[in-house]
1. For helix 10-19, what angle does its Cα long axis make with the longest principal axis of the chain, in degrees from 0 to 90 and rounded to 10?
2. How tilted is helix 94-103 with respect to the longest principal axis of the chain? Cα atoms for both, answer in degrees (0 to 90, nearest 10).
3. Treating the angle as unsigned and between 0 and 90°, give the value, to the nearest 10°, between the Cα long axis of helix 160-180 and the longest Cα principal axis of the chain.
4. Do the sum for the chain: with -39,500 (n - 2.57) for every DSSP H run of n ≥ 4, divided by all residues, what is the mean residue ellipticity at 222 nm, to the nearest 500 deg cm²/dmol?
5. Given an 8 Å cut-off on Cα distances and at least 6 residues of separation, report the relative contact order of the chain as a percent.
6. Among rounded, prolate and oblate, which fits the range 41-87 when a ≥ b ≥ c are the square roots of the eigenvalues of its C-alpha gyration tensor, a/c under 1.5 means rounded, and a/b larger than b/c means prolate?
7. Indicate the gyration tensor shape class of the range 32-119 (rounded, prolate or oblate), computed on the Cα atoms with a ≥ b ≥ c the square roots of the eigenvalues: a/c under 1.5 is rounded; otherwise a/b larger than b/c is prolate and the rest oblate.
8. Counting other beta carbons within 10 Å of each residue's own, what order do 88, 144 fall into, fewest first?
């Protein structure tokens, strides 16, 4: 699931992969905040997924794992950047941060992608911690040495018909209600990249 912000099966998952962030703002931001190009990167998520391929296209030397928990794929201080998407790093766990800091080289970077909300997509998904507690100054990320960069992205469909069909199939009643009022074939979608230097050192965004 790490490739996508929501769990979808088969054709719907493929469709969302095609329409989510066609401007590639997410991988470009990861490179700007890491960087990842020319670096040793540990990707936490689907090892064969789109996001890992995007990092490779940027020139990252990648190890990819499903989860950090119980994983010995990387030696201590062997990684320049660790990247996780949506289904990984669900909040801030001290044991996870300790492991991250053990794996990262000095000045290594941890980058975590989550939904930010305040957009069209969040209206379909209801109340999630991504949209509230995680984004606040007193929330778990910003009190643990992370900074945040918000990316203003889109789900961009080829037509209104395609967008409405996807929303109804993927989100049921909420999707049907939203689709009825849709006037353009795209949805606003804000993404948060929480970024932290090894040890929690704050850096300028």
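Where a number appears in this text, it was derived from the coordinates with a stated rule and is not lab data. The model shown is predicted, which means the values in this text are computed figures rather than measured ones. Note: ideal-geometry Cβ built from the backbone for every residue, glycine included; neighbour counts use all protein chains shown.
1. Once rounded, one gets 80 degrees.
2. Here the helix axis deviates by roughly 60 degrees.
3. Here the helix axis deviates by roughly 80 degrees.
4. On the way: 6 runs with 64 residues, N = 205.
Result for the chain, helices only: -9500 deg cm²/dmol.
5. Numbers: 385 pairs, mean separation 46.7, N = 205.
Answer for the chain is 23 percent.
6. Numbers: a/c = 2.08, a/b = 1.22, b/c = 1.70.
Here the range 41-87 falls in the oblate category.
7. On the way: a/c = 1.39, a/b = 1.07, b/c = 1.31.
Note, shape of the range 32-119 comes out rounded.
8. Numbers: 88 22, 144 15.
Starting with the residue having the fewest Cβ neighbours, the order is 144, 88.
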